[in-house]
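Working notes, structure below.
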Ligand code: AN7
């Protein structure tokens with residue numbers, strides 16, 4: 001019988017060694033992040049805009065359930081190579097979950113600052129179970145980030161927010177995967193925008209493949225912010241950002257200028273979507289495609305719908321939407337927006353009646 005040789009998957013640093021050359025093999029801390037599926041829309045594209053192709057890059061299937069793991073493997077590996085003994089971050093939840101897991105794997109300490117009462121339960125549980133020192137502050141993400149940066153500068157603790165350039169370096173691998181799979185760049189790449197690191201990282205990844213001659217044209221980068229937390233769209237810092245999508249409840253993004261550059265260099269857009277619109281597409285993704293993502297991730301589809309209604313796309317356009325985090329991060333939100341379970345007595349007839357199979 002012929003043997004099929006399996007190529008072992010060893011995480012994003014080893015897979016994209018040529019584009020991440022500065023991490024020595026012995027310093028690599030990986031939980032085998034990346035290699036996430038690019039799922040073609042089966043039903044939604046027909047309901048929205050049958051003339052375009054829609055793909056979902058489902059980053060919820062990373063080890064800690066979000067795209068942050070791609071950046072964290074590089075940032076923590078780099079920290080280890082420099083002899084760091086601890087990492088710190090401010091977070092709306094996913095960065096803290098990822099930092100905690102990678103620090104645990106590396107055997108170093110982690111400190112996380114989170115806005116009190118404004119992070120999803122799943123994310124909080126992750127930081128706690130991985131053994132981080134979790135500090136809830138009476139303030140928002142932007143205020144927490146200022147404190148984290150100061151402590152990092154003054155006390156030699158490595159900051160692993162996306163102000164750490166190695167985070168963006170790792171996150172660019174998601175665009176490599178998209179291009180490797182499609183054999184080209186998409187026409188449009190749509191991402192949620194919070195601290196604006198990811199849109200920057202994707203754009204860097206596309207440009208690097210282009211320079212390396214692996215693709216012959218670049219995509220347009222499209223970002224969406226929640227209407228109550230849309231500093232880039234409104235062109236001013238939002239002191240008290242609010243949105244149901246707590247992951248992107250950010251009023252003063254660290255990579256603001258880089259996101260604007262990604263938008264303008266690529267000929268793309270950054271616009272806003274209301275909570276109501278994004279919650280609709282959150283349920284739609286779950287019910288029409290079987291994909292359970294975070295509210296913040298669903299903003300990409302809500303935004304695509306808005307653009308499609310304005311006649312933005314042309315026939316055959318390929319649109320990739322990054323679904324940044326898993327829906328299980330925030331089960332309470334899923335319960336809040338869905339039908340309640342039906343209370344049924346414990347007998348077959350009652351169950352059949354509830355099923356609508358018996359009058
Ligand atoms: C699911 O975890 O900022 O624009 O502290 O968790 O790169 O910030 C999370 C951000 C989108 C926005 N989707 O990405 C944090 C944090 C999800 C997120 C974003 C976040 P950026």
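The values are calculated or read from the model by the stated rules, or taken from the named source; none is laboratory data. The shown structure was predicted, so the numbers you read here are calculated from the model rather than taken from an experiment. So basically every Cβ, Gly included, is an ideal-geometry build from the backbone, and we count neighbours across all protein chains shown.
Considering 129, 163, 191, which residue is surrounded by fewer than 24 Cβ atoms within 10 Å (Cβ to Cβ), under 28 Å from residue 272 (Cβ atoms) and modelled with pLDDT of 95 or more? Spell out the reasoning first.
Working: 129 fails: under 28 Å from residue 272 (Cβ atoms); 191 fails: surrounded by fewer than 24 Cβ atoms within 10 Å (Cβ to Cβ).
Exactly one residue qualifies, and that residue is 163.
Being within 25 Å of residue 51 (Cβ to Cβ), in contact with a strand residue (DSSP E or B) (Cβ under 8 Å, 6 or more places away or on another chain) and either more than 13 Å from the ligand (Cβ to nearest atom) or at pLDDT 95 or above (or both) holds for only one residue in 260, 270, and it is 270. Going through (1) surrounded by fewer than 18 Cβ atoms within 10 Å (Cβ to Cβ); (2) at pLDDT below 95 one by one, residue 136 falls short only on (2).
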